[in-house]
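Asks: A single structure is presented below for examination.
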Amino acid sequence: MAKDQKKSTKDQAVTRECTLHLHKHVFGKSFRKRAPFAIKTIRRFAAKTMGTSDVRIDPSLNNAVWHQGIKTVPHRIRLRLSRKRNDAEDAKEKMYTLVQVVNVTSFKGLQSQTVEDA
């Protein structure tokens with residue numbers, strides 16, 4: 001391996017916290033499609049950020065998106081993205097992403113960060 005080449009980290013387990021601005025994705029969508037589209041947007045964001053096509057949504061995240069109904073989606077949501085090893089024998093991919101919600105009082109000053117697993 002050459003000096004300037006870096007080792008790929010796509011096959012390592014890691015956890016990150018990110019804020020997703022949902023309002024800019026659902027703005028202009030018809031009311032009856034907003035919450036389902038927000039879930040699809042979260043899936044797309046997680047797949048792109050973590051580099052896995054297998055994305056699993058935690059039920060608490062689903063409740064956080066849907067708690068005000070189908071048309072009133074939260075403007076921002078704080079996500080914990082965990083890339084984990086897939087233990088199933090018949091799995092197509094060796095890693096999957098688990099997406100969970102993080103409750104915060106304010107989104108001011110928050111940045112994306114890597115979380116150390118305890």
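The values are calculated or read from the model by the stated rules, or taken from the named source; none is laboratory data. Remember, predicted model here, so these are calculated numbers, not experimental data. In this analysis, Cβ positions are derived from the backbone assuming ideal geometry, glycine residues included, and neighbour counts consider all displayed protein chains. Calculation scope for accessible area: heavy atoms of the full protein, side chains included, ligands and nucleic acids excluded. Shrake-Rupley method; radii C 1.70, N 1.55, O 1.52, S 1.80 Å.
Asks: With axes computed from alpha carbons, what is the tilt in degrees of helix 34-50 against the longest principal axis of the chain, rounded to the nearest 10 within 0 to 90?
Replies: That helix lies at roughly 20 degrees to the long axis.
Asks: Restricting to DSSP H runs of at least four residues, report the calculated mean residue ellipticity at 222 nm for the chain, -39500 (n - 2.57) per run over all residues, nearest 500 deg cm²/dmol. Working shown, then result.
Replies: Numbers: 3 runs with 29 residues, N = 118.
Estimated from H runs of four or more residues: -7000 deg cm²/dmol.
Asks: Taking the highest mean first, how do the peptides 23-31, 105-113 order by number of other beta carbon atoms within 10 angstrom per residue? Each step should come with its number before you reach the end.
Replies: Working: 23-31: 13.0, 105-113: 8.4.
Taking the mean over residues of other Cβ atoms within 10 Å, the ranking is 23-31, 105-113.
Asks: Next question. Ignoring ligands, DNA and RNA, please state the percent of accessible area on segment 1-61 from carbon and sulfur, probe 1.4 Å.
Replies: On the way: 2200 of 4120 Å².
About 53 percent, which is the carbon plus sulfur part of the accessible surface.
Asks: Among ASN62, GLN100, LEU20, which residue has its Cα positioned farthest towards the positive end of the charge dipole of the chain, with +1 placed on the Cβ of Lys and Arg, -1 on the Cβ of Asp and Glu, and the dipole taken about the Cα centre?
Replies: In the chain, that residue is LEU20.
Asks: Multiplying the sequence separation of HIS75 and LYS33 by 0.36 nm and subtracting their Cα-Cα distance, what value in nm do you get? Intermediate values should be presented prior to the final figure.
Replies: Numbers: separation 42, 0.36 × 42 = 15.12 nm, distance 1.53 nm.
So the extension gain works out to 13.6 nm.
Asks: Restricting to lysines 8 or more places apart or on different chains, can you count the pairs in the chain with Cα atoms under 17 Å from each other?
Replies: Taking the chain as the scope, the lysine pair count is 16.
Asks: Under the rule of at least 5 residues apart or a separate chain, name every residue whose amide H is placed under 5 Å from the amide H of VAL14.
Replies: The list, which skips near neighbours in sequence, is ARG83.
Asks: Over the chain, calculate the relative contact order: mean separation of alpha carbon pairs under 8 Å at least 6 apart, over the residue count, as a percent. Can you show the working numbers first?
Replies: Numbers: 187 pairs, mean separation 44.1, N = 118.
Answer for the chain is 37 percent.
Asks: Hey, what do the phi angles of segment 63-78 turn into as Karplus ³J(HN,Hα) couplings, whole Hz, using 6.51/-1.76/1.60 and θ = phi - 60°, x for Gly and Pro?
Replies: These are the phi-based 3J(HN,Hα) values: 5, 5, 6, 8, 5, 9, x, 6, 9, 10, 8, x, 5, 10, 8, 9 Hz.
Asks: I've got another one for you. Give me the dipole magnitude in Debye, nearest 20, for the chain about the Cα centre, with unit charges on the beta carbon: positive for Lys and Arg, negative for Asp and Glu. Display every interim value, and only then the final one.
Replies: Working: 25 positive and 11 negative charges, 146 e Å.
In debye, rounded to 20, the chain gives about 700.
Asks: Rank by packing, highest mean first: peptides 91-97, 34-40, with packing defined as the count of other Cβ atoms within 10 Å averaged across residues. Provide the component values of the computation, followed by the final result.
Replies: On the way: 91-97: 15.1, 34-40: 17.7.
The densest-packed peptide leads the list: 34-40, 91-97.
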